[in-house]
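Down below is the structure, laid out as structure tokens.
Read-outs: derived from the displayed coordinates by stated rules, not from any lab. Owing to the predicted nature of the structure, the values given are computational and were not obtained by experimental measurement. We place every Cβ from the backbone using ideal geometry, glycine too, and count neighbours over all the protein chains shown.
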Amino acid sequence: MDNQIENTLMDKGIEQNKKNQLYPVFLKLEQLNVLLVGAGNVGLEKLHSLLSNSPGAGITIIAPVIKEEVRRLVYKHPSCTILQRPFEEADLDDKQLVILATDDKKLHEYIRDLSIEKKILINVADTPGLCDFYLGSIVQKGNLKIAISTNGKSPTAAKRIKEVLHETLPGELDEVIDNLHKVRNKLNGNFDYKVKKLNSITKILVDKDNTTSERRWRRLATYILVVFGIMLVGHFIFSYIPLGQLANDTAAWYKTLDKNFHWMVLAGFLAQMVDGATSMGYGVTSSIVLQSAHVSPAAISAGIHTAEMFTSGASGYSHYKFGNVNKKLFKALLIPGVIGAVLGALLLVWFNDSHLKYLRPAMAIYTMVLGIKIFSNAFRDLNKKKKFKRYGWLAGAGGFLDSFGGGGWGPIVTSTLITKGRTPRFVIGSVSLTEFFVTVASAFTFFTLIGVQNWQVILALVTGGVIAAPIAAKLAGRLPRKASAIFLGIVVIGWSIRILVNAF
């Protein structure tokens, strides 16, 4: 019995030893002297990692050969020093951290022994056995920083986890941290009181998880009631209307539709796929198709916005359901966008009758400019976040031009916000949800002034768009941005030029 207990304890001890027993810390490198031995590809990677997290770190780089990229990086950081020569023992004086990034294993072992004698912590690239600490993969969202360690076993796994977290964690977390910091500074009382108060404020974040199971049961009960209700209504209808007659009437009604109705459905599907996944392109794509069919500008915009009431509603709901909406950004865009849409619709109806021959080419030029903007956005750097505060003016201009030109809300608002460095996923979701209210305002204005025109076009666009909306929302932010923007830009530019050629 004693042997059994002893073996169990030994097994638990072995299992415990297999776990990652590293203790994570965050160093103030600006207050430490760091030595980096090696200035090749590995040395450049280590140096970039250090300086991207601590730009003011004092780092001495030693190597017989210095890679040009290392020189350029050091030039941007005056706190760093390059010594182009072999390593010397005296280089360890006054150093607190040492990082080795060469391909000389004997040199690594030699410096490791010297570091032990001088009690200096050391990291050796690709040699976990010689390391006192590891350089983990780091995810940063403003003041929030997360370090990832695999206990030195798989840097590739750490890198992939970093990519997943970087995409999953919203950029707005930094704003949450700043707000909590302000709340903390305003609190009076001792440390225990502040901790309890902040815990009560943030408790809602975890309370949502506790109600997940309850919400699932409620949702299931709702679905059951809806399905049962549909069954009752279906039984009532089919009891009085024979299925054969219903099928014949449907076929006869379909023959009365426009011969290109199925192509219009496909156009609505493809336009919504592009719009839902990139938050731009629906209005522009639909507008140039209807311009080719010589539909009046006011009828084009009215038809598109009437159809978009349904497609943007489905798209916005899908984005909201998948957690793609930033509520603060949504509120900033909503009112100005609606006002701009109403003004654009009023002006277009006023121009429509008296200036039709000039308005169609003008709309084609406008869509061509949007196509150029979409195309050029494919080559812009979206990584740097820039300050942007004119959300109201941006939304107002986007709503106005969207109503007046039959499209443009996405290319104007979405592309501007993304090029300013905001997270594409939340920009696309927030702009798509706002678009629903903008299109409702525009469609209501057109309906009040000119009524509903081209109902078959509207029906086709709605049918194709509603089918595509949930698929596109699922793909939001996952499609290759550059390739999709280039393709959409070329199509819009080419089609606009074709309309201009026919007009003149």
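Brief remarks on what is shown
- When each of the peptides 426-436, 329-339 is scored by the mean number of other C-beta atoms lying within 10 Å of its residues, the order from highest to lowest reads 426-436, 329-339.
- When the Cα positions of Ile66, Leu107, Gly129 are compared along the charge dipole of segment 62-133, Ile66 comes out farthest toward the positive end, with charges on each C-beta of Lys, Arg, Asp and Glu.
- Segment 51-92 shape via C-alpha gyration tensor axes, a/c threshold 1.5: oblate
- Cβ crowding within 10 Å, taken as a proxy for footprinting-reagent exposure, orders Thr306, Thr439, Thr445 from fewest neighbours to most as Thr445, Thr306, Thr439.
- For the peptides 460-470, 52-62, residues were scored by their other Cβ atoms within 10 Å and the scores averaged per peptide; the highest-first order is 460-470, 52-62.
- Across Lys28/Lys105; Lys145/Lys182; Lys328/Lys420; Lys328/Lys373, pairs whose alpha-carbon gap is larger than 21 Å: Lys28/Lys105; Lys328/Lys373
- Highest average packing first - 113-124, 97-108, Cβ atoms within 10 Å: 97-108, 113-124
- Treating r as the C-beta distance of Gln84 and Val226 and R0 as 56 Å, the FRET efficiency rounds to 0.15.
- Charge tally in the Cβ shell below 12 Å around Glu89, where Lys, Arg are +1 and Asp, Glu are -1, Glu89 excluded: -3
- For segment 29-135, alpha-carbon Rg over 2.2 N^0.38 Å: 0.96
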